[in-house]
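K.L.:
Input: one structure, supplied below.
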Amino acid sequence: MRRAALQVRGVVQGVGFRPFVYRLALEEGLAGFIGNDTDGVTIEIEGPVERVEAFQARLRAEAPPLARIDSVGSREVAATGEKGFRIVASEVLGRVSTGIPADAATCPDCLRELLDPANRRYRYPFLNCTNCGPRFTITRRIPYDRPQTSMAQFKMCLACQAEYDDPLNRRFHAQPNACWECGPRVWLVGADGNTLPGVLLTSVIANSANSANPANFANPANFANPANSATSDPIDQTISLLLAGQIVAIKGIGGFHLSVDATNEAAVMRLRERKRRYGKPLAVMVRDVQAAREICALTSEEEALLMTTARPIVLARRREGCDIAESVAPGIPWLGVYLPYAPLQHLLFADTRVRALVMTSANLSEEPIAIDNDEARARLGAICDAFLMHDREILQRCDDSVMALVDGAPQLIRRARGFVPLGLELPLDSPPLLAVGGHLKNVFALAQGRHVYQSQHLGDLENLTGLEFFRESLDHLMRTFEIEPRTVVHDLHPGYLSTTWAKEWSQERGLPLIAVQHHHAHVAGCMAEHALSGPVIGLSLDGTGYGSDGKIWGGEVLIAKLDSFERFAHLEYVPMPGGEAAIKEPWRMALGALHAAGFDVESEQMLALLGADRSEARVLKRMIERQINSPMTSSLGRLFDAVASVARGRRAVDYEAQSAIELEGIAVDEPDRFEQGVYVPELHEADEGPACESVIRTGKMWNAVLEDLWRGVPASRISARFHAGIAEGFINAAANARIETSINVVALSGGCMHNRRLARLLREGLEEEGFEVFQHRSVSPGDGGLSYGQVAAAAAMLAKGS
Ligand SMILES: [Zn+2]
Ligand SMILES: [Zn+2]
Ligand SMILES: [Zn+2]
């Protein structure tokens, strides 16, 4: 006989781990117990040696789908002769458990029940089990237990309670367990929150001839008479509205979605106009992988990503000629596609007439997603035609996550539902820290020890609603992980709202502040992900970030350690006439860059190229010459904007980096490399002496771009040559850095690493040169990952100082 005490670490709470271990112990005929503890679970098992060993092997091999075992500590203890196996309450182990799992998509077992007329949960929109369902978004505070969730108000019926109490049941301690008898409900109301659905439906049908796509009316008789049975079910009513081209705000897991039929051009346009969102791509939800294949050319890796329990939006190549409305993702060859992850969504797609739905975060432009029923009525009433509401409160706002396959590996573009609040690892110990992130696409991070917890995507911190969301989410995560920050980390930019907020908040608490330069934070994040202590050659290729010299950086070759960096080289500085305005109007960037390259921006030829009239060009030129509101930038993102503007003739954009994304998009079918005609920027080596940086000059590159343009070379080819040239320019800079420093490791970071062509060309080219290359994997290379890098840099600075 042998008794072993096991400490299992990882994601093992709230994911059905205890009942799994219970079953395993029974099958192996072992005695002992299991209970949650502070960091995971504690198990003791007693029985014949070979049984104990079999148990330990199966523990890892057969763990439930949502569990993630990071480590299993094992030690022998004295046998007690105990009989039987027990699940003990958390308190028995003397400590409170702290884990809240991430939200997980409906599992195959629940989906089968949902569609089985014989099951007691047939078509119940809130069914779930320990292997699936909402978690993070319905939890107020720790421990993750029903009274601390928004399910507290629903008392389980006898049948549900019996499942909840039975260790052998799939719903053992499934906190959101519910059924038709005892759980939340859905209902449909009009845009004003009151209109009777029957009246609304009648008016929809009366107007449908104009507003809807006639092809969708497979069977109009189904909803011709609102009194008929087809209209008594709120889900069926919602389907009727969607098929008639109406906009329905649908309450989901982390917030409301605005939904329309994605194959109905007029309906999509109406949504865009009402939401005041014109260019930015909208996500499309389809029934299953088969349906996703019909609209996108998916690789097997992309299919696997679609199916993960986080169910992210996956950016994939759109199929030529598919029937998704053009205005869903105008101007780019990709679609953001994803699969249903909540029973309510599965029910919409159970109707075969529903093929593809736009499902986009319910908000106005960049405001936080709406979650509360009253809030939704107030904020969305003018956008939608109806609301599909429910009475399970959403306690934490959480957008959908976005991913893409970049250079052969999954990359996070937006880390939110399904990933929050899962922790990330840090390669060094950190005191309790708060890192507030950047300005756009804000995500903050809390750190303690070797753990970093990033918040959900919070959007742009440009207004008070954004800041409110930030505070709300910070309070929640501080409570959840019991982290009281002792130091606050912020971006070097004095004008960011996040910086101002960090200063005020730390002052109130008497906490020290650490500022981390934006592009150093990007590189430090990539280093920390791969546990690199450095020094490395960091390519920080980005939109804009505040530099140590007060200029705007973003095309940087850094020699970086976690705690410090030197700037080895950067893209040549060019003016950004109008500052922020140059981000929204890329023609200004093009004018600034061409002026810097020595072209006469008032010449007829240039005016035609820029799509500008003479007086506009003159005003900008004067601004530049007199250095009025024309900050100097070395940003690669802005260089992309400028080239896109002349190559594609786009004057203004609707969202940040739109023209750069389009420029990448037009080149998808072009070859990667060229024997000649590549626009390689020239590396101008620095003179001897300290603080002398090499400059990557772009003047001759512009000559080549314009020559091609005037020769009639298509924009797609110009784009491909530009990508190849930029990659080569930075690879040359890295090679020079290696000569100077003997460093052979390159870390790639910054928002431009979302660009698949650039990421691939850089990695391939650097590897050909013999470099060891690292890219982001668990955090976003863009500003969504910034706070993780801020934590890594600050923790290293603190460790050095102490
Ligand atoms: Zn389930
Ligand atoms: Zn029930
Ligand atoms: Zn950045």
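The values are calculated or read from the model by the stated rules, or taken from the named source; none is laboratory data. Since we're looking at a predicted model, the values are computed, not measured. When we count neighbours, we look across all protein chains shown, and the Cβ atoms used for this are built from the backbone with ideal geometry, even at glycine. Please note that ligands, DNA and RNA were not included when accessible areas were found on the heavy atoms of the full protein model with its side chains. Shrake-Rupley method; radii C 1.70, N 1.55, O 1.52, S 1.80 Å.
K.L.:
Can you compute the helix-only [θ] at 222 nm over the chain? Use -39500 (n - 2.57) per DSSP H run of at least 4 residues, normalise by all residues, nearest 500 deg cm²/dmol.
P.N.:
Rounded to the nearest 500, the figure is -10500 deg cm²/dmol.
K.L.:
Once the Cα gyration tensor of the stretch 395-487 is found, what semi-axes does its equivalent ellipsoid get, as square roots of 5 times the eigenvalues, in whole Å, sorted largest first?
P.N.:
Taking √(5λ) for each eigenvalue gives 21, 19, 12 Å, largest first.
K.L.:
Whole number please: convex hull volume per residue, Cα atoms of the stretch 533-640, in Å³.
P.N.:
Here the figure is 94 Å³ per residue.
K.L.:
What does the convex hull of the Cα atoms come to per residue for the stretch 713-775, in Å³?
P.N.:
Roughly 77 Å³ of hull volume per residue.
K.L.:
Once Lys and Arg get +1 and Asp and Glu get -1 on their Cβ, which of L24, G84, V8 lies farthest toward the positive end of the dipole of the stretch 1-109?
P.N.:
Comparing the listed Cα positions along the dipole, G84 ranks first.
K.L.:
Would you pull out the residues with amide H under 5 Å of A283's amide H, same chain only if 5 or more places away, H placed 1.01 Å from N?
P.N.:
M359
K.L.:
Under 8 Å for C-alpha pairs, at least 6 residues apart: give me the relative contact order for the stretch 455-555, rounded to a whole percent.
P.N.:
20
K.L.:
Nearest 0.05, what FRET efficiency do N119 and E375 give at R0 = 51 Å with Cβ-Cβ as r?
P.N.:
In this case the efficiency is close to 0.90.
K.L.:
Same structure again: Based on the Cβ-Cβ distance from A799 to A57, what FRET efficiency comes out when R0 is 51 Å, to the nearest 0.05?
P.N.:
0.85
K.L.:
Next question. Stretched out fully, how many nm does the piece from V49 to A304 gain, at 0.36 nm a residue minus the Cα gap?
P.N.:
87.9 nm
K.L.:
Working out 0.36 nm times the residue gap between A79 and D391, then minus their Cα-Cα distance, what length gain in nm do you get to one decimal?
P.N.:
Working it through step by step, the gained length comes to 107.3 nm.
K.L.:
Rounding to the nearest 10 and keeping the result within 0 to 90°, find how far the Cα-based axis of helix 699-710 lies from the longest principal axis of the chain.
P.N.:
With rounding to tens, the tilt is 90 degrees.
K.L.:
When ranked by the protection proxy of mean other Cβ atoms within 10 Å per residue, highest first, what sequence do the peptides 418-429, 327-338 form?
P.N.:
327-338, 418-429
K.L.:
Moving on to the next point. Please get the size of the charge dipole for the chain, origin at its Cα centre, with Cβ charges of +1 on Lys and Arg and -1 on Asp and Glu, quoted in debye to the nearest 20.
P.N.:
1460
K.L.:
Along the Cα→Cβ direction, 7 angstrom out, place labels at H530 and Q627. What is the inter-label distance in nm?
P.N.:
3.9
K.L.:
Post the alpha-carbon centroid distance, the stretch 746-802 to the stretch 475-513, in whole angstrom.
P.N.:
24
K.L.:
Right, another one. Could you rank the peptides 575-584, 159-168 by their average count of other C-beta atoms within 10 Å per residue, with the highest value first?
P.N.:
Ranking, from highest mean packing down: 575-584, 159-168.
K.L.:
Taking the 0 to 90 degree range and rounding to the nearest ten, how far is the long axis of helix 265-275 tilted relative to the main principal axis of the chain, both from C-alpha atoms?
P.N.:
So the inclination is approximately 80 degrees.
K.L.:
Separate question: Which whole-Hz ³J(HN,Hα) couplings does the stretch 717-723 yield from phi under the Karplus relation 6.51 cos²θ - 1.76 cosθ + 1.60, θ = phi - 60°, glycine and proline marked x?
P.N.:
Calculated HN-Hα couplings, in order: 6, 4, 4, 4, 5, 5, 4 Hz.
K.L.:
Next up: Can you pull the Kirkwood radius for the chain, inverse mean 1/r over Cα pairs, to one decimal in Å?
P.N.:
Averaging 1/r across every pair of different Cα atoms and inverting gives 28.3 Å.
K.L.:
Under the Karplus relation 6.51 cos²θ - 1.76 cosθ + 1.60, θ = phi - 60°, what is the ordered set of whole-Hz ³J(HN,Hα) values for the stretch 762-775, x standing for Gly and Pro?
P.N.:
5, 4, 4, x, 5, 5, 4, 7, x, 7, 9, 10, 10, 10
K.L.:
Could you tell me the calculated FRET efficiency between R479 and Q161, based on Cβ-Cβ distance and R0 = 35 angstrom, to the nearest 0.05?
P.N.:
Once the sixth-power term is evaluated, E becomes 0.80.
K.L.:
If you average 1/r over all unlike Cα pairs in the stretch 462-525 and invert the result, what Kirkwood radius do you get in angstrom?
P.N.:
The answer is 12.8 Å.
K.L.:
Okay, next question. Using the per-residue mean of other Cβ atoms lying within 10 Å as a proxy for protection, in what order, highest first, do the peptides 260-271, 118-129 fall?
P.N.:
Descending packing order for the listed peptides: 260-271, 118-129.
K.L.:
While we're looking at this one, here's another question. Which value, in Å to one decimal place, does the Kirkwood hydrodynamic radius take for the stretch 630-787 when every pair of different Cα atoms is included?
P.N.:
About 16.6 Å, per the Kirkwood formula over Cα pairs.
K.L.:
Additional query: For all pairs of alpha-carbon atoms in the stretch 10-91, what percent lies in each bin of width 5 Å, listed from the first bin to the last filled one?
P.N.:
3, 15, 28, 28, 18, 7, 1
K.L.:
Here's another thing I want to ask about it. Distance in nm between label sites at I739 and V713, each 7 Å beyond Cα in the beta-carbon direction?
P.N.:
2.7
K.L.:
Pairs of alpha-carbon atoms within less than 8 angstrom and 6+ residues apart define the contacts here; what relative contact order does the stretch 622-757 have, in percent?
P.N.:
26
K.L.:
Describe numerically, in nm with one decimal, the distance between label points set 7 Å from Cα along Cα→Cβ at E685 and at R777.
P.N.:
Computed distance between label sites E685 and R777 equals 3.7 nm.
K.L.:
Pairs K584/K700; K280/K700; K441/K700; K503/K551; K251/K280: which are spaced more than 30 Å apart, C-alpha to C-alpha?
P.N.:
Checking Cα-Cα distances, K280/K700; K441/K700 exceed 30 Å.
K.L.:
So, one more: Relative to the compact-globule scaling 2.2 N^0.38 Å, provide the ratio for the alpha-carbon radius of gyration of the stretch 436-583.
P.N.:
Cα-based Rg divided by the globular estimate yields 1.09.
K.L.:
Multiplying the sequence separation of R471 and R319 by 0.36 nm and subtracting their Cα-Cα distance, what value in nm do you get?
P.N.:
50.5 nm
K.L.:
Would you check the accessible area of M632, probe 1.4 Å, heavy atoms only, in square angstrom rounded to 10?
P.N.:
Here the accessible area works out near 70 Å².
K.L.:
Residue by residue through the stretch 12-28, what is 3J(HN,Hα) from phi via Karplus (6.51 cos²θ - 1.76 cosθ + 1.60, θ = phi - 60°)? Round to whole Hz and write x for glycine and proline.
P.N.:
Running phi through 6.51 cos²θ - 1.76 cosθ + 1.60 with θ = phi - 60° gives 10, 10, x, 10, x, 6, 5, x, 4, 5, 4, 4, 4, 5, 5, 4, 8 Hz.
K.L.:
Report the Stokes-Einstein translational diffusion coefficient (µm² s⁻¹, integer) for the stretch 591-642, Rh taken as the Kirkwood radius over Cα pairs, at 37 °C with viscosity 0.692 mPa s.
P.N.:
286
K.L.:
In whole percent, what relative contact order does the chain give with Cα contacts below 8 Å and a gap of six or more residues?
P.N.:
Relative contact order for the chain comes out at 11 percent.
K.L.:
If amide H atoms are built 1.01 Å from N in the plane of the peptide, which residues on other chains or at least 5 residues away come under 5 Å of the amide H of T263?
P.N.:
Placed amide hydrogens put A325, A356 under 5 Å from T263.
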